[in-house]
Amino acid sequence: MRALVGERDERAVQSSAAALQSELHHRAATISSMAVLSSGDLTFEEIFATTNDLAMDFNGGIAFLDSDGRLLANTNNKSFWDSVSQNAQGISLASSSDPEPVFSAPILDPNSKQRFVIISAYSAPHNVIVAGAFSPETLAAEILSATYPTGSHVTIYLVDESRRALFVSGALAQDSLEPDHPGVAEALRGESGVLYVKKESTEHVVAYSPIEPTGWALITEEEWEMVISPSLQLTQMAPLVLVPAFILALI
């Protein structure tokens, strides 16, 4: 039963990590498409209009910046993009040497106090950077709710390369993870698997998996005994009933 719970959790965390990876690739493809459009004769307003549906994935807005990080145009959240423009040198944005879209580290919006990740792509013809910002917390809440519905016993952590918690959920959730929390180092190394960790009088199942485009790690944790159904719990009691009965019958 312990092994079955571990196998179930491992498959669930791998499936959830794959779903997050797919969504991140989709957002990167959107920014790449906008960079291609910006290579033509369309104005920024025309590009925003033609990609209005795709822009729904970026709750932090979409912006065009020049190669020096100066803001040229944006859809919404102007104060955030002004802050990005002022600190462009310290943010990982795409440049002429990047053939693929670039994911930035999480950036704190000084106004909303929400963290955003920027995906950017470089458009060579007009020397323009196309950037879109999204909240990793919102993304994780939307994607992971399908596998881990409200009320489940699973505690979920989504952490970045610096082991900073981007999303936490569950009864055991903490705002920050300990440096040696089980599964974090393994997932950040690109590994996936399951660990069984003793905690006081219980044993926890920790499943982990990497998220490749960003180098993030997805960790889940739960007490495996909480998952067992009443019928399975009865099987644990079976030896206590059968052994005395067998001895009595033998006598």
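Bear in mind that the values in this text are calculations on the coordinates, not laboratory data. From a predicted model like this one, the values you see are computed outputs, not experimental measurements.
Pick from LEU24, LEU65, LEU195: which residue has the top mean-square fluctuation in a GNM of the chain where Cα pairs under 10 Å get a spring?
Comparing LEU24, LEU65, LEU195 in a Gaussian network model of the chain, the most mobile one is LEU195.
Select from ALA217, ALA141, ALA94 the residue whose mean-square fluctuation is largest in a Gaussian network model of the chain (Cα-Cα springs shorter than 10 Å).
In the Gaussian network model the winner is ALA141.
In degrees between 0 and 90, to the nearest 10, how far off the longest principal axis of the chain does helix 2-37 point, with axes built from Cα atoms?
Its long axis makes an angle of about 10 degrees.
Using only the Cα atoms of segment 21-121, what semi-axes does the equivalent ellipsoid have when each is the square root of 5 times a gyration tensor eigenvalue? Give whole Å, largest first.
Calculated on Cα positions only, the semi-axes equal 19, 15, 15 Å.
Give me the percent relative contact order of the chain, please, defined on Cα pairs under 8 angstrom at least 6 residues apart.
19
Based on C-alpha coordinates, I'd like the Rg and Dmax of the chain, in Å.
Cα radius of gyration and Dmax of the chain are 23.6, 95 Å respectively.
For segment 45-176, would you read off the P(r) tail past 23 Å as a percentage of all alpha carbon pairs? Numbers along the way, then the final one.
Working: 3323 of 8646 pairs.
In whole percent, the share of Cα-Cα pairs in segment 45-176 beyond 23 Å is 38.
Give me the angle, in degrees from 0 to 90, between the Cα long axis of helix 230-250 and the longest principal axis of the Cα atoms of the chain, rounded to the nearest 10.
The two axes meet at around 20 degrees.
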